[in-house]
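So that we are looking at the same thing, I have put the structure below in structure tokens.
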Amino acid sequence: MIPPSAAVPSRAFVSLIGAGPGDPGLLTLRGQQALQAADVVLFDYLANPELLRHCPQAETIYVGKKGFSEYISQEQISELLVAKAQEGGGRRVARLKGGDVFVFGRGSEEAEACVRAGVPFEVVPGVTSAIAAPAYAGIPVTHREVARSFAVLTGNTKEGGAHYERLSGVDTLVLLMGVRNLDQIAADLIAAGRDPQTPAATVQWGTTPQQRAVTGTLATIAQVVREAGLQAPAVTVVGEVVRLRDTLRWFESAPVLAGPLAGKTVAVTRTREGASALSDVLRARGAQVLEVPLIRFAPAPDLAPVAAALHDFGGWLLLTSNQAVRALWTLLDEAGLDARALAGMKLAAVGPSTARSLAERGLKADFVPSTPGARHLAAELPVERGEATLHLTSQLAEDELERGLSARGVPYTRAELYRTEPAPLDPGTLERLRQADVVTLASGSAARHLAALAGTDFRVAAMGPQTADAAREAGFAQVIVAHEASLDALADAAAAVVEGMEGSGVQDAGRGQTRA
Ligand code: SAH
């Protein structure tokens, strides 16, 4: 008999990935790698959609089951998982599950479905909310003096509290999926012998900017939760460790929850790659970030000159963006070639990110300047006598590299590999953009693109005086300038916009306060 795996196409593979509890920084490195390699991503309600920025290449499918209203059954998810893996010549599927894969989320059923279908799979464990949500509320689940064991239980069980007596020797209890039935569960635990005065805490949306936590005792926690209006997703911790929250609270006073940008939406306009570093800085200060790409890439209308320039080229290939690397590979691929076609050339990357793009394709950059940027690349490139340079770039390439190299007497040729053009904004993004509290602009071209695509009725934070001038010229009336050209300073400027807005009492009249 033919084993089931013999029928499975070669690339078919499923990564069952624990997405962590919410904070996108709590994804594991292996989880990130699996996302980067994915053709298809299936993600949950509890897996932070921000994680999808690790897989812009992938088809993404939302398969959330929110609360009890099931949009899609577990069986359907398992079927879809296997079907997606077997599609075409076989695809790499990343299945992002909230928290850890095997803590309640029915991950084992999905793994079993893979086994049945003969689809190879891996499990990438994640940071479970059972430990992380208490930790972000300042509650350790164990403590040398206070708690030497903990148990994680589900409040969503049909057998009710029948097994609670068996937990009587466990110091800390962590309850998942238990907000709805908290009254009953607390009563059952007390009936099973747990002291009603045991401290208890409930943490909603732990590790995210929406985190809220309340404390009480086993006897009171259900009522406290109801009064505070906390709902799923939340974990409840029962045990002496809850007292430690008084001294160990940290996240709730961190900038992400208490900073000026906490709960505000900041739109980050992008006219090239690399804007996600700014998004990270803003998120660390509590902002909800809306990334708005204002440009998109297209192949150069005529690729024959690039192909000709590359043919038999033996000098330095200059790559000054990730997009250049990507477009180069498309070009090779379409010509039926691969990286070996570059064998006789030396590769220079403008910075570590571009070097990484090469590394992802199995090639090591021969040179990366000490500081990223065209100026440093031009000054430091270790050209030997007679070596030529070929710059693969877009129609918008700046002259800096050419000027620097020419000044050193190094032959420079430019070939247009791709084009940068304004990206139309889809209506959904436009709508969300209009609701943003601040829009950041990192360049004059971002200001002009934004004005052309969405108008000028925005409060903007500009990266520097030139960008600010360009923004005013483009018609923006409310502009705040970063005090220096750094991401931190731009985030400060965004915060100043927000503070100004609240101080004026105009946009935020609900507060009833007007400052002179
Ligand atoms: N596999 C997940 C749990 C899935 S069950 C994990 O390891 O975390 C879903 C339950 O997890 C929710 O009902 C809630 O109890 C808990 N949960 C998930 N994310 C949470 C979060 N950010 N804050 C609080 N509870 C969370």
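Once you place label points 7 Å from the Cα toward the Cβ at SER168 and THR413, how far apart are they in nm?
The answer from the label model is 8.5 nm.
Can you give the charge dipole size of the chain about its Cα centre, rounded to the nearest 20 debye, using +1 on the beta carbon of Lys and Arg and -1 on the beta carbon of Asp and Glu?
340
Per residue of segment 128-138, in order, report the coupling 6.51 cos²θ - 1.76 cosθ + 1.60 (Karplus, θ = phi - 60°) as ³J(HN,Hα) in whole Hz, putting x for Gly and Pro.
Along segment 128-138, the couplings run 7, 5, 4, 9, 6, 5, x, 4, 6, 9, x Hz.
Between THR142 and GLU79, how high is the FRET efficiency from 1/(1 + (r/R0)^6) when r is the Cβ-Cβ distance and R₀ = 51 Å? Nearest 0.05.
0.80
Could you provide, to the nearest whole Å², the per residue accessible area of segment 32-130 with probe 1.4 Å?
Roughly 45 Å² per residue, with all protein chains present.
How much FRET efficiency would the formula 1/(1 + (r/R0)^6) give for ARG403 and ASN156, where r is the Cβ-Cβ distance and R0 is 51 Å, rounded to 0.05?
0.20
By how many nm would the segment from ASP312 to ASP488 grow when fully extended, if each residue of separation counts as 0.36 nm and the alpha-carbon distance is taken off?
Roughly 58.9 nm would be gained on extension.
Of all beta bridges DSSP finds with both residues in segment 131-253, what is the antiparallel percent, to the nearest 5?
Taking every DSSP beta bridge with both residues in segment 131-253, the antiparallel ones total about 75 percent.
Also: Pop out the Kirkwood hydrodynamic radius of the chain from its pairwise C-alpha distances, inverse of mean 1/r, in Å to one decimal.
The answer is 26.4 Å.
Another one. Provide the packing ranking of 307-313, 448-454, i.e. peptides ordered by the mean count of other C-beta atoms within 10 Å per residue, highest first.
For the peptides 307-313, 448-454, the packing ranking is 448-454, 307-313.
Can you quote the Å³ per residue value for the convex hull of the Cα atoms in segment 372-418, rounded to an integer?
Value for segment 372-418: 69 Å³ per residue.
Where the accessible area of the chain is counted over protein heavy atoms with a 1.4 Å probe, how much of it, in %, is carbon and sulfur?
Carbon and sulfur together cover 51 percent of it.
Follow-up question, since we're still on this one. For SER149 and LEU248, what is the calculated FRET efficiency with R₀ set at 22 Å and r taken between the beta-carbons, to the nearest 0.05?
Computed FRET efficiency for SER149 and LEU248: 0.70.
Shifting gears a bit: Could you rank the peptides 426-437, 459-470 by their average count of other C-beta atoms within 10 Å per residue, with the highest value first?
The most tightly packed comes first, giving 459-470, 426-437.
Could I ask something else about it? According to a simple spin-label model (label point 7 Å from Cα along Cα-to-Cβ), what is the distance in nm between ALA284 and ARG296?
It works out to 3.3 nm between the two label points.
Quick check: pseudo-label points 7 Å beyond the Cα along Cα→Cβ at ALA379 and GLN435, how many nm apart are they?
4.7
Run through the DSSP bridge list for the chain and note the antiparallel percent, rounded to the nearest 5.
30
The values are calculated or read from the model by the stated rules, or taken from the named source; none is laboratory data. All of these numbers come straight from a predicted model, not from anything done at the bench. All Cβ positions, even for glycine, are placed from backbone atoms using ideal geometry, and neighbour counts span all protein chains on display. Accessible surface areas use protein heavy atoms only, side chains included; no ligands, DNA or RNA. Shrake-Rupley method; radii C 1.70, N 1.55, O 1.52, S 1.80 Å.
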